[in-house]
1. Please figure out what share of the DSSP beta bridges in the protein assembly as shown is antiparallel and state it in percent, rounded to the nearest 5.
2. With the dipole of the protein assembly as shown worked out from charges on the C-beta (+1 for Lys and Arg, -1 for Asp and Glu) around the Cα centre, which of A:SER295, B:GLN66, A:PRO317 lies farthest toward the positive end?
3. Add +1 for every Lys or Arg and -1 for every Asp or Glu among the other residues with Cβ under 11 Å from the Cβ of A:VAL163, and state the total.
4. Calculate how many DSSP beta bridges within segment A:76-182 are antiparallel, expressed in % of all such bridges and rounded to the nearest 5.
5. Only Cα pairs within less than 10 Å get springs; with that Gaussian network setup on chain A, which residue of A:ARG189, A:ARG355, A:ARG173 has the largest fluctuation?
6. Rounded to whole Hz and in sequence order, give me ³J(HN,Hα) for segment A:151-164 from the Karplus expression 6.51 cos²θ - 1.76 cosθ + 1.60, θ = phi - 60°, writing x for Gly and Pro.
7. Assign one of three labels to segment A:21-122, namely rounded, prolate or oblate, based on the Cα gyration tensor with a ≥ b ≥ c the square roots of its eigenvalues; rounded applies when a/c is under 1.5, prolate when it is not and a/b is larger than b/c, and oblate otherwise.
8. Over all distinct alpha-carbon pairs, what is the Kirkwood Rh of segment A:238-317 in angstrom?
Amino acid sequence: VASEVVVLGGGVGGTICANLVAKQSQGRAHVTVVDATGTHVYQPGFLYVAVGQEKPASLQHSEASLLRSEVSLVVDRASRVDPGAQTVLLESGRTLRYDQLLLATGSRTMMEEVPGADDVHDFYTMAGAMRLFEALKTFEGGTIVLGVAGIPYKCPPAPVEFVFLLDDYLKARGIREKAQIKLLSPLNRAFTIEATSKLVQPILAERGIELTGFFNVESVDPVAKTVTSLEGETVGYDLLVLVPPHRGQKVIEDSGLGDERGWVPVDKNTLKHTMFQHIWAIGDTTNIPISKSGSVAHYEASVAAAEITAAARGEAPPAHVYDGKVMCFLETGHGQATTIRFDYDHPPVSPSPSRLWHWAKLLFNKTYWHTVPQGRLP
Amino acid sequence: MSTMQIDKSIDARGMACPGPLMNLIGAIRQGQVGQTFEVLSSDAGSKTDIPAWVAKAKQEMVEVVQDDGYARFIVRKAR
């Protein structure tokens, strides 16, 4: 009898893991993916939608088209997991039983947690990115401020990338001289990794982008058009873009599977839940204090797949564990980019920004649909 | 080592991004005044970065302990 493997979430991590388990288990596991929309969204593309370099439609594919034929897809929302009974209750009222469960539900954005931020812009949802581009199209001058209103947030390089792409956009429209761009950084430098900051900060200065350090956005005054930090400083704006606070999905919180923000506690190497048997979590879903990014979900997915496949086949856990590998691109504008690579045992390295890495990022974005979800890229 | 109560501990060793200070700021943002947070960091920069932010944000640095290959920072949310 085949094991029942249930995967909650059809994002990058859940999709790769489902495909790999279906392939590697050789009929010993039946895999079901539960996804609320049935549409797979390539979230790294939101940044480009916000500056008009990408069309929303090109970032979305049907989840069914990305899954192996033997994987079942259920388009429904998981409302409760019972780890004792090993069941998942769906919103439709249907119940799925599991032998192994993967939580790949990701994170949700919570702009409503920031006082006064009802009308601020963001590029962390498709709707937010589209609305921001509409606002930029009619922007004629003034101060554009980018701030971070919560930690952790997806894709730590994104705020820096956004101000560089914004600089390019305003130059292309011929209104760069009428605009000030301010980047409010949570840290005392542009980016969390010092070596990467050393590459990026001179470029920010060269492009006339003003950097303010140790500014963790706490509240917004939409009437005075000011934003105030946890550290007690206030900055004025004409157009405000915030990275919203993030938290885990409601089903995690409602099922008691996560911490006070809904992040699932897992072993940082095996990705197994620290409290419940037969449950693994990957990507944004976990409480591992590593970057919330598609890259992490991608590398973790193959580890979780090997773990789940071994469990489904009644074998010992695999020797291969997650080693903390992360590989990200960082756009620096003017058609150039750098990369950031590290793992638990090796500190980060970033090459000098070049056109090569920009084209590599675009190539990755375009070929994603044919390589990543299927588990074809290691 | 002291036996004080730690409300939240973050093991950020080997995690360059978002990094120990970002994780500490995140925890303090979510925490209550009076709670104590511990972050473990193997990043050399933390020794200057973390005290600098704690001072700037008017939080309280309780203790910095150097261990084998990493440092342990204990910070109390003061406001």
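1. About 55 percent, rounded to the nearest 5.
2. Ranked along the dipole, the leading option is A:SER295.
3. That works out to -3.
4. Approximately 65 percent, going by the DSSP bridge assignments.
5. Per the Cα network of chain A with a 10 Å cutoff, A:ARG173 tops the list.
6. Once θ is set to phi - 60°, the couplings for segment A:151-164 become 10, x, 9, 5, 6, x, x, 4, x, 5, 4, 4, 5, 5 Hz.
7. Judged from the Cα gyration tensor, segment A:21-122 comes out oblate (a/c at least 1.5, b/c at or above a/b).
8. By the Kirkwood definition, the hydrodynamic radius is 13.7 Å.
The values are calculated or read from the model by the stated rules, or taken from the named source; none is laboratory data. Quick caveat, the model's predicted, so the values are computed rather than measured. Cβ coordinates were reconstructed from backbone atoms using ideal geometry, including for glycine residues, and neighbour counts include every protein chain displayed. Side chains included, ligands, DNA and RNA excluded: accessible areas come from the protein's heavy atoms. Shrake-Rupley method; radii C 1.70, N 1.55, O 1.52, S 1.80 Å.
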